[in-house]
Amino acid sequence: MGVPVKHLLAAAIVIVVGVMPVSAKTGSVIVTAQMRNNAVRNVERYEWAKQRRDAVVSRVQRWMEMSDEELWRMLPSQEMPRDSSVNFRSPGCPNCGMDHYKAPYNPSRWHWDFDEHPWQALCRNCNQWFPSNDFAAYYQSALDEQGKFRLGAGDPQYLKPIEGANPEWIDDGTGVKIGDGKWFFAAHYAFQVWHALIDAAEDLATAYTLTNDARYAHKAAVILDRMADLYPEMDYSPHYRLGMEASTGGSGKGRVQGCIWETFTAQKLSSAYDFVYDAMAEDAELVAFSQGMAGQYGTGDKSSAAAIAEHIEQHMLREFVIGLKDGRLAGNAGMDQHAMALAAIALDHPSET
Ligand SMILES: [Zn+2]
């Protein structure tokens, strides 16, 4: 007597599920479709709700004006170092020295400009842009076939000062080194890109919850999908060993950022994924874009909205859980629990969470 086919099928499903968890999510749960409808109605009725909607929509305008591909290409991969403060362990500025501390500290004594000065940082006291080489060109020349930056692999012609510039202020990604001092200009820029796009994903997703407008969810999903391409490799410790910091609390551990702030990464991106899930599940334009990029850069199966959801869950949300267990996400009191709870709610997998 043969085993009934349906039993074999069930056994096969158990084996597949055992090897790789399959997405069990069926809809947005933190802000449901009904809650989105309520929010839209509140915006029509109440001034406070309209102000909240307008503030978020205005913050995301700059991201809405970028193409999907421009957003995708903005995010640097693991080997591009990341530093939150330029000069955490070195005094002042290579140009104006200790006068640097006369610059206003809000939000930082260093300034960056994604549009006009890619891959640079400005001292807000002496108004000097650093580094003195064309790091944007160096960065482009160091990208591999997957669009990932390979440290040390760039074209050395871009490690010379641009004409008339100071030959000491050269950065190859590991910082400008003068004597015992190190200034992490390119790494600071890379940190700011990640920081800005994590906030962008959260804001775009929030804009969707307050408008029901799937265009916001689409842009958030483009960012989340690309982040999930890169996130499994993300590890802060090699950057810490170069002398960098980004809220590791001195432990050297972390992923995109140090282990303390990385709990915010997990909180924001887990919520963003859940917020946009309903729109993402029906986003044919996202599938077309993501599949096109996957064809060029080998970023895995992006052949359906379900495949992209599975990718984000497997390569980002479950990576947050791994990081919370191995100490690469380790915040102050309550931050870990908040991050774990949001990752679990976003995964919404009955047997796992
Ligand atoms: Zn300066």
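The values are calculated or read from the model by the stated rules, or taken from the named source; none is laboratory data. Computed from a predicted structure; not experimentally measured. Here Cβ is always computed from backbone atoms with ideal geometry, including for glycine, and neighbour counts include all displayed protein chains.
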Original post:
Only one residue in Lys182, Lys177, Lys160 is among the basic types (Lys, Arg) and free of Cβ contacts under 8 Å to residues at least 24 places away in the same chain, so which one is that?
Top reply: Lys177
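Restricting attention to segment 42-57, report how many residues are under 16 Å from Ala205 (Cβ atoms) and either not basic (Lys, Arg) or not assigned by TED's automatic domain parsing to the domain that holds Val222 (or both). Lay out the reasoning, then the answer.
Let us first name the residues in segment 42-57 that are under 16 Å from Ala205 (Cβ atoms), namely 52-53, 55-57.
Add one more test, that the residue is either not basic (Lys, Arg) or not assigned by TED's automatic domain parsing to the domain that holds Val222 (or both), and what stays is 55-57.
Residues flagged as under 16 Å from Ala205 (Cβ atoms) and either not basic (Lys, Arg) or not assigned by TED's automatic domain parsing to the domain that holds Val222 (or both) within segment 42-57 amount to 3.
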Original post:
Listed residues Gln146, Gln157; which is exposed (fewer than 14 other Cβ atoms within 10 Å of the Cβ), more than 26 Å from the chain's Cα centre (by Cα) and outside any strand (DSSP E or B)?
Top reply: Gln157
**OP:** Any residue in segment 189-218 that's assigned to a helix (DSSP H, G or I): show its pairings with residues that are of a type in the set (Lys, Arg) at Cβ separation under 6 Å, as long as the two are six or more apart or on different chains.
**Re:** Ala190/Arg82; Phe191/Arg82; Ile198/Lys268; Glu202/Lys268; Asp203/Arg59; Leu204/Lys219; Thr209/Arg36; Leu210/Arg53
Subject >> Tally, over segment 224-251, of residues that are in contact with a Lys or Arg (Cβ under 8 Å, 6 or more places away or on another chain) and either of a type in the set (Lys, Arg) or not assigned by TED's automatic domain parsing to the domain that holds Val287 (or both) >> reply: 0
Original post:
Can you tell me which of Ala221, Ala196 is more than 10 Å from the chain's Cα centre (by Cα) and either assigned by TED's automatic domain parsing to the domain that holds Glu310 or on the phi < 0 side of the Ramachandran plot (or both)?
Top reply: Ala221
**OP:** Being crowded, with 18+ Cβ neighbours inside 10 Å and modelled with pLDDT of 95 or more narrows it down to one of Cys126, Cys93, so name that one.
**Re:** Cys93
Original post:
List pairs: first in segment 93-116 and assigned by TED's automatic domain parsing to the domain that holds Lys177, second part of a loop (DSSP other than H, G, I, E, B) and more than 14 Å from the ligand (Cβ to nearest atom), Cβ under 8 Å, 6+ apart or cross-chain?
Top reply: Ser108/Ser85; Trp110/Ser85
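Of all residues in segment 283-331, count the ones that are out of contact with any helix residue (DSSP H, G or I) (no Cβ under 7 Å at 6 or more places or on another chain), over 22 Å from Met74 (Cβ atoms) and either in contact (Cβ under 8 Å) with a residue 12 or more places away in the chain or not basic (Lys, Arg) (or both). Talk me through it step by step, then tell me what you get.
Just the residues of segment 283-331 that are out of contact with any helix residue (DSSP H, G or I) (no Cβ under 7 Å at 6 or more places or on another chain), to begin with: 284, 288, 291-292, 294-298, 306-307, 310, 314, 318, 322, 325-327.
Right, trim to over 22 Å from Met74 (Cβ atoms) and you get 284, 306-307, 310, 314, 318, 322, 325-327.
After this cut, where a residue has to be either in contact (Cβ under 8 Å) with a residue 12 or more places away in the chain or not basic (Lys, Arg) (or both) as well, the list is 284, 306-307, 310, 314, 318, 322, 326-327.
Number of matching residues: 9.
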